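The values are calculated or read from the model by the stated rules, or taken from the named source; none is laboratory data. As the structure is a computational prediction, the values presented were derived from the model and not from experiment. A quick note on method: Cβ atoms are made from the backbone with ideal geometry, for glycine too, and the neighbour counts reach across all protein chains shown.
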Amino acid sequence: MEKTYTKHDIIEKAKELAEMISSTEEVEFFKRAEAQINDNKSVREKIASLKSLQKQAVNFQEYGKERALQLVEGKISQIEQEIDELPIVQEFKQSQVDVNQLLQLVSNTIANDVTNRIIETTGGDLLRGETGSQVRNAPGRLK
């Protein structure tokens with residue numbers, strides 16, 4: 001007889017999986033890249049300027065100062081581009097993509113495996129993606 005799991009059991013396993021994922025090369029690289037960005041004075045200064053300009057933009061927009069808003073938005077775009085062009089930032093963004101892909105892979109694997117196990121344990125047809133009850137009740141099936 002198969003063991004029946006509780007939500008609590010599953011959450012505990014998910015925590016174990018999260019611990020494993022947080023110890024992967026992808027996550028370790030992400031943490032190092034983030035630390036390098038935070039330790040980089042030039043990047044910190046650009047980000048501080050960006051935040052200040054973004055606050056100004058909100059104020060200009062609130063008070064209907066269109067010309068000033070356009071100038072500030074131009075400066076914001078320029079600083080964002082300067083930040084994005086830094087190799088360390090590009091590495092950080094790539095590491096975000098890598099971690100997200102890993103999480104998506106885990107999520108898809110779980111979803112697909114659950115679906116396949118439901119099909120198999122109900123006597124279904126994996127190739128058609130039909131559970132046993134769908135196969136038994138398909139049109140043209142002898143009952």
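Just checking, does segment 12-34 include any residue being within 30 Å of residue 121 (Cα to Cα), in contact (Cβ under 8 Å) with a residue 12 or more places away in the chain and touching a helix residue (DSSP H, G or I) at 6+ places or on another chain (Cβ under 8 Å)? So far as segment 12-34 goes, yes, one or more of its residues are within 30 Å of residue 121 (Cα to Cα), in contact (Cβ under 8 Å) with a residue 12 or more places away in the chain and touching a helix residue (DSSP H, G or I) at 6+ places or on another chain (Cβ under 8 Å). When 142, 105, 127 are checked against the criterion of being modelled with pLDDT of 95 or more and surrounded by fewer than 11 Cβ atoms within 10 Å (Cβ to Cβ), 105 stands alone in meeting it.
Could you tell me whether any residue of segment 125-134 is on the phi > 0 side of the Ramachandran plot and either of a type outside the set (S, T, N, Q) or in contact with a Pro (Cβ under 7 Å, 6 or more places away or on another chain) (or both)? Yes, because at least one residue in segment 125-134 is on the phi > 0 side of the Ramachandran plot and either of a type outside the set (S, T, N, Q) or in contact with a Pro (Cβ under 7 Å, 6 or more places away or on another chain) (or both).
Of the residues 34, 19, 28, which single one is acidic (Asp, Glu), modelled with pLDDT of 95 or more, surrounded by 10 or more Cβ atoms within 10 Å (Cβ to Cβ) and within 20 Å of the chain's Cα centre (by Cα)?
On the way: 34 fails: modelled with pLDDT of 95 or more; 19 fails: surrounded by 10 or more Cβ atoms within 10 Å (Cβ to Cβ).
Only one candidate qualifies: 28.
Does segment 76-99 contain any residue that is among the hydrophobic types (A, V, I, L, M, F, W, C), in contact (Cβ under 8 Å) with a residue 60 or more places away in the chain, out of contact with any Gly (no Cβ under 9 Å at 6 or more places or on another chain) and surrounded by 14 or more Cβ atoms within 10 Å (Cβ to Cβ)?
Start the filter on segment 76-99 by keeping residues that are among the hydrophobic types (A, V, I, L, M, F, W, C), which leaves 76, 79, 83, 86, 88-89, 92, 97, 99.
This time we only want the ones that are in contact (Cβ under 8 Å) with a residue 60 or more places away in the chain, so: 92, 99.
From the residues that got through so far, the ones that are out of contact with any Gly (no Cβ under 9 Å at 6 or more places or on another chain) too are 92, 99.
Then keep just the ones that are surrounded by 14 or more Cβ atoms within 10 Å (Cβ to Cβ); that gives 92, 99.
Looking for residues that are among the hydrophobic types (A, V, I, L, M, F, W, C), in contact (Cβ under 8 Å) with a residue 60 or more places away in the chain, out of contact with any Gly (no Cβ under 9 Å at 6 or more places or on another chain) and surrounded by 14 or more Cβ atoms within 10 Å (Cβ to Cβ), one finds at least one in segment 76-99, hence yes.
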